[in-house]
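Structure, as structure tokens:
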Amino acid sequence: MRLFAISDLHLASAPNQQALEDLPAYPEDWLIVAGDVAEKFETLDWAFGLLTFKFARVLWVPGNHELWAIAGREPPEPKGVARYHKLVEIARRYGIVTPEDPFVRWPGPLPQDLGTADQLILAPLFLLYDYSFRPAHISLDDVVSWAEETHNVCSDELLLSPDPHDSRIAWCRERLKLTDARLSAEVPENAATVLINHWPFRHDLVRIPRVPRFTPWCGTTATKQWHVRHRAYSAISGHLHTRRTDVIDGTRFEEVSLGYPRQWDQSRGMASYLRRIL
């Protein structure tokens with residue numbers, strides 16, 4: 001029994017859809033899907049059905065692409081919080097664990113380097129971002145125009161509505177408060193965690209030299225020490241399309257993106273991009 005992770009499947013792309021169809025079955029293993037599966041509900045529904053057929057259990061967190069509400073679709077799609085709840089509803093139809101469900105205790109073998117913890121809690125999170133990954137000399141009011149100078153503005157500015165919140169910052173703050181409280185209250189003191197979020201937990205993990213001014217849409221400084229505060233054995237994220245492993249304070253930070261077709265070797269198949277976590 002193993003735990004794998006992947007993110008940023010971007011199934012609007014036909015090669016990525018085919019790669020998912022061709023992915024072998026892992027009937028005894030669990031899979032973390034850390035966001036950006038697809039923009040359309042029907043594609044997400046198809047993907048969830050396929051993933052839950054191939055894996056014993058699936059855990060999912062939303063990325064920004066799932067939260068995009070495209071104008072002009074009929075009937076009009078929900079946006080903001082209502083859209084997020086619709087995504088959770090679709091996932092739950094397939095028994096997928098979402099950020100709105102109880103955290104899950106890992107039933108498989110525990111890693112030898114777990115330390116004094118005697119159980120491991122898998123915690124899917126939805127935290128968003130608050131533009132705090134911007135440089136210190138750039139004000140919040142200027143961050144979008146600063147990014148626009150190098151054409152690095154995220155499409156979220158047009159497509160990701162925070163409704164009914166006043167801003168994505170306000171929505172992020174609400175999610176941070178709610179999630180921090182849940183982790184503190186629901187994770188036993190004798191347990192370590194696997195924290196799962198689409199956006200990276202730390203600014204120093206964001207290394208995207210081709211789009212250097214994209215960083216404001218990549219997370220929040222509020223989670224910089226969550227791996228310590230919440231005893232993380234591993235912290236899983238995507239969003240950056242820069243697959244890598246970093247170790248900080250003994251915690252493995254795993255960026256597990258697949259990415260757009262040009263960003264991965266299709267001849268290797270999707271299976272080679274599953275990151276083994278446990």
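Return the only residue of Glu21, Glu39 being modelled with pLDDT of 95 or more, within 17 Å of the chain's Cα centre (by Cα), open to solvent by 20 Å² or more (accessible area, probe 1.4 Å) and not β-branched (Val, Ile, Thr).
On the way: Glu21 fails: within 17 Å of the chain's Cα centre (by Cα).
Just one listed residue meets the conditions, Glu39.
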When segment 122-160 is examined, which residues are found to be of a type in the set (A, V, I, L, M) and over 17 Å from the mean Cα position of the chain (by Cα)? Ala136, Ile138, Leu140, Val143, Val144, Ala147, Val153, Leu158, Leu159
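Kindly provide the set of residues from segment 183-193 that are in contact (Cβ under 8 Å) with a residue 24 or more places away in the chain and open to solvent by 20 Å² or more (accessible area, probe 1.4 Å), ordered by number.
The initial filter retains those residues of segment 183-193 that are in contact (Cβ under 8 Å) with a residue 24 or more places away in the chain, namely 183-184, 186-188, 190-193.
Ser184, Glu186, Pro188, Asn190 - these are the residues of segment 183-193 that are in contact (Cβ under 8 Å) with a residue 24 or more places away in the chain and open to solvent by 20 Å² or more (accessible area, probe 1.4 Å).
Kindly indicate whether any position in segment 141-149 is over 17 Å from Cys218 (Cβ atoms), free of Cβ contacts under 8 Å to residues at least 12 places away in the same chain, surrounded by fewer than 17 Cβ atoms within 10 Å (Cβ to Cβ) and of a type in the set (D, E, K, R). Give the steps one after another, and end with the answer.
Initial filter on segment 141-149 (over 17 Å from Cys218 (Cβ atoms)): 141-142, 145, 149.
Subset that is free of Cβ contacts under 8 Å to residues at least 12 places away in the same chain: 141-142, 145.
So of that shortlist, the ones also surrounded by fewer than 17 Cβ atoms within 10 Å (Cβ to Cβ) come out as 141-142, 145.
With of a type in the set (D, E, K, R) added as a condition, the list becomes 141-142.
Yes: one or more hits.
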Filter segment 1-25 for residues that are more than 17 Å from Gln263 (Cα to Cα), outside any loop (DSSP other than H, G, I, E, B) and touching a residue at least 40 places away in the same chain (Cβ under 8 Å) and give the result. Leu3, Phe4, Ala5, Asp22
Just to be sure I understand, how many residues within segment 41-86 are in a loop (DSSP other than H, G, I, E, B), of a type outside the set (Lys, Arg) and in contact (Cβ under 8 Å) with a residue 40 or more places away in the chain? 9
Restricting to segment 166-187, give me the number of residues that are more than 17 Å from Lys79 (Cβ to Cβ) and not hydrophobic (A, V, I, L, M, F, W, C). 7
Out of segment 25-36, which residues are within 12 Å of Leu50 (Cβ to Cβ) and open to solvent by 50 Å² or more (accessible area, probe 1.4 Å)? Ala25
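Among the listed residues Asp204, Asp180, Asp163, which satisfies the condition of being acidic (Asp, Glu), under 19 Å from the mean Cα position of the chain (by Cα), open to solvent by 60 Å² or more (accessible area, probe 1.4 Å) and modelled with pLDDT of 95 or more?
Working: Asp180 fails: open to solvent by 60 Å² or more (accessible area, probe 1.4 Å); Asp163 fails: under 19 Å from the mean Cα position of the chain (by Cα).
Step by step, each of Asp204, Asp180, Asp163 is checked, and only Asp204 is acidic (Asp, Glu), under 19 Å from the mean Cα position of the chain (by Cα), open to solvent by 60 Å² or more (accessible area, probe 1.4 Å) and modelled with pLDDT of 95 or more.
The values are calculated or read from the model by the stated rules, or taken from the named source; none is laboratory data. Since the model is a prediction, treat every value here as computed from it, not as a measurement. Positions of Cβ are generated from backbone atoms using ideal geometry, with glycine treated the same way; all protein chains shown enter the neighbour counts. Heavy atoms of the whole protein, side chains included, go into the accessibility calculation; ligands, DNA and RNA do not. Shrake-Rupley method; radii C 1.70, N 1.55, O 1.52, S 1.80 Å.
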